[in-house]
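**Q** Questions regarding the structure given below will be posed in turn.
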Amino acid sequence: MENHKYEIATLGGGCFWCTEAVYQDIKGVESVISGYSGGQIKNPAYREVCSGRTGHAEVIQITFDPSIISYEDILEIFWHVHDPTTLNRQGNDVGTQYRSVVYYHDDKQKEIAEKSKAETDASSLWEDPIVTEISPFDVFYEAEEYHQNYYKNNSVQPYCTYVITPKMKKFKKQFGEKLLKE
């Protein structure tokens, strides 16, 4: 697409299947890729990341058009679609690979992320303090192909039915105006 300057957001909010599903149909989002970031080894595999010993978090990398959706809006959605108050845990998913994290790509994103976190923490959205890590982006490793578009390809699987579908219903109710028309 000509004359578009896309930006990238890298976020970890627990299982990447859940966060990927939320962002895929938002106006201005060009792509969402599931992967790993923040660890110590190169090119980790899912099994290694799941062990919790690589230091990686399950993340999504969002390519978006800031003239349609702002980084602030991306973060507002992020604070609502996962629990940023639980350290190294989202629901039954436990371990550092499920930590809540914002990997900023430049100083502007860092400033926006810190401000957004502080404002959300001061709001009544969550009863407990937000523990989300805000760290500089280093490297992103794309997850294996079967993790990409997981919810869209596997919506009848039990995990999707019981965990992701209710999250998607809540998200659509709250942020429906940001979604592409189906």
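**Q** Just to be sure I understand the filter: pairs with C-beta atoms under 9 Å, separated by 6 or more residues or on different chains, first member in region 4-31 and farther than 17 Å from V59 by Cα and surrounded by 17 or more Cβ atoms within 10 Å (Cβ to Cβ), second member among the aromatic types (F, W, Y) and modelled with pLDDT of 95 or more. Which pairs pass?
**A** These pairs meet every condition: I26/F64; G28/F64.
**Q** Among strands (runs of 3 or more DSSP E) lying entirely in region 96-182, which contain 2 or more residues that are touching a helix residue (DSSP H, G or I) at 6+ places or on another chain (Cβ under 7 Å)? Lay out the reasoning, then the answer.
**A** Working: elements: 100-104, 133-136, 140-142.
Strands (runs of 3 or more DSSP E) meeting the threshold: 100-104.
**Q** List every residue pair whose Cβ atoms sit under 7 Å apart, with the two residues 6 or more apart in sequence or on different chains, where the first one lies in region 38-57 and is surrounded by fewer than 14 Cβ atoms within 10 Å (Cβ to Cβ) and the second, anywhere, is part of a loop (DSSP other than H, G, I, E, B).
**A** Final answer for the pair search is Q40/T54; Q40/G55.
**Q** Quick one: which of C50, C18 is closer than 18 Å to K178 by Cα and modelled with pLDDT under 95? Explain how you work it out, then say what you get.
**A** Working: C50 fails: closer than 18 Å to K178 by Cα.
None of the others qualify; the one that does is C18.
**Q** Quick one: would you say F140 is touching a Leu at 6+ places or on another chain (Cβ under 7 Å), within 25 Å of Y46 (Cβ to Cβ) and either surrounded by 15 or more Cβ atoms within 10 Å (Cβ to Cβ) or of a type outside the set (V, I, T) (or both)?
**A** Values: touching a Leu at 6+ places or on another chain (Cβ under 7 Å): no; within 25 Å of Y46 (Cβ to Cβ): yes; either surrounded by 15 or more Cβ atoms within 10 Å (Cβ to Cβ) or of a type outside the set (V, I, T) (or both): yes.
No, not satisfied.
**Q** Please pick out the residue among N88, N92 that is touching a strand residue (DSSP E or B) at 6+ places or on another chain (Cβ under 8 Å), free of Cβ contacts under 8 Å to residues at least 24 places away in the same chain and of a type outside the set (G, A, S).
**A** Within the list N88, N92, the selection yields N88.
**Q** Quick check on this structure: which one of T96, T132, T120 is at pLDDT below 95 and among the β-branched types (V, I, T)?
**A** Values: T132 fails: at pLDDT below 95; T120 fails: at pLDDT below 95.
After ruling out the rest, the residue left standing is T96.
**Q** Here's a follow-up. Quick check on my filter: what residues within region 143-182 are touching an Asp or Glu at 6+ places or on another chain (Cβ under 6 Å) and either surrounded by 11 or more Cβ atoms within 10 Å (Cβ to Cβ) or closer than 22 Å to T85 by Cα (or both)?
**A** L179
**Q** Moving on to the next point. So, in region 95-128, of the ones that are touching a residue at least 12 places away in the same chain (Cβ under 8 Å) and of a type in the set (G, A, S), which residue ends up surrounded by the most Cβ atoms within 10 Å (Cβ to Cβ)?
**A** S100
**Q** Picking from P158, P136, which residue would you name as being over 21 Å from K27 (Cβ atoms) and either basic (K, R) or out of contact with any strand residue (DSSP E or B) (no Cβ under 8 Å at 6 or more places or on another chain) (or both)? Break it down into steps so the answer makes sense when it comes.
**A** Details: P136 fails: either basic (K, R) or out of contact with any strand residue (DSSP E or B) (no Cβ under 8 Å at 6 or more places or on another chain) (or both).
Every option except P158 fails the conditions.
The values are calculated or read from the model by the stated rules, or taken from the named source; none is laboratory data. Owing to the predicted nature of the structure, the values given are computational and were not obtained by experimental measurement. Positions of Cβ are backbone-derived with ideal geometry, glycine not excepted, and every protein chain shown enters the neighbour counts.
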